[in-house]
1. Restricting attention to the stretch 16-41, report how many residues are within 19 Å of LYS71 (Cβ to Cβ), without any contact (Cβ under 8 Å) to a residue 12 or more places away in the chain and in contact with a Phe, Trp or Tyr (Cβ under 9 Å, 6 or more places away or on another chain).
2. State which residue pairs qualify: first residue free of Cβ contacts under 8 Å to residues at least 24 places away in the same chain and inside the stretch 91-111, second residue assigned to a loop (DSSP other than H, G, I, E, B) in any location, beta carbons under 6 Å apart, and separation of 6 or more residues or different chains.
3. Quick one: GLY69 ticks every box in (1) on the phi < 0 side of the Ramachandran plot; (2) modelled with pLDDT under 95; (3) surrounded by 13 or more Cβ atoms within 10 Å (Cβ to Cβ) except a single one, so which number is it?
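The values are calculated or read from the model by the stated rules, or taken from the named source; none is laboratory data. Everything numeric in this text was worked out from a predicted model, so none of it was measured. Counting neighbours? That spans all protein chains shown, and the Cβs are built from the backbone with ideal geometry, glycine included.
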Amino acid sequence: MSGLDKLFSGMRSTSSGLSAERVRMDVIAENIANARTTKTAGGGPYRRQLVKFEPLMQRAANGQMLTVGMKKAEVVEDFATPFERIYAPDHPDRDENNEILMPNVSATREMADLVSAMRAYEANLAAQENFTRMAERALQIAR
């Protein structure tokens with residue numbers, strides 16, 4: 001792999017990281033927005049969404065498979081975290097025990113995930129900017 005190929009491979013990798021983290025931030029924002037939604041079109045409370053990623057693979061000249069980035073595989077519902085029951089006798093979605101099921105969204109956990117996604121996004125952006133500066137410098141040297 002030539003130096004230019006390595007440069008573009010690095011740019012593709014950071015670009016895929018930027019896209020993946022952007023999707024993750026969008027899903028986190030949706031979770032936060034629905035943290036109090038007790039009734040969805042499906043009838044129950046909103047269920048937290050998670051983004052599953054998978055590696056982007058590329059075959060090298062020697063036939064070896066290399067990971068060159070990440071992509072969103074799917075957005076799935078979080079079935080591992082249970083809903084919280086709250087006593088709310090005046091709520092329109094209450095059950096026979098005057099309780100409602102609240103979404104399995106924790107604002108604290110979502111904010112921690114958001115900070116993590118933002119830091120990963122910023123790191124990929126900084127790497128992308130460095131690749132751009134290296135390419136510009138290489139063009140200047142070539143002149």
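1. Selection size over the stretch 16-41: 0.
2. From the stretch 91-111, the pairs are ARG94/ALA88; ASN98/PRO89.
3. (1)
For (1) surrounded by 14 or more Cβ atoms within 10 Å (Cβ to Cβ); (2) under 17 Å from TYR46 (Cα atoms); (3) out of contact with any Lys or Arg (no Cβ under 8 Å at 6 or more places or on another chain), each residue gets a yes or a no:
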residue	(1), (2), (3)
PRO89	no, no, yes
ILE100	yes, yes, no
ALA107	no, yes, yes
ALA117	yes, no, no
LEU125	yes, no, yes
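Here's the yes/no breakdown for (1) buried (at least 16 other Cβ atoms within 10 Å of the Cβ); (2) among the hydroxyl-bearing types (Ser, Thr, Tyr); (3) farther than 30 Å from GLU84 by Cβ; (4) modelled with pLDDT of 75 or more:
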{"position": "LEU18", "(1), (2), (3), (4)": "yes, no, yes, yes"}
{"position": "MET25", "(1), (2), (3), (4)": "yes, no, no, yes"}
{"position": "ILE28", "(1), (2), (3), (4)": "yes, no, no, yes"}
{"position": "THR37", "(1), (2), (3), (4)": "no, yes, no, yes"}
{"position": "GLU54", "(1), (2), (3), (4)": "no, no, yes, yes"}
{"position": "ASN62", "(1), (2), (3), (4)": "no, no, yes, no"}
{"position": "MET65", "(1), (2), (3), (4)": "no, no, yes, no"}
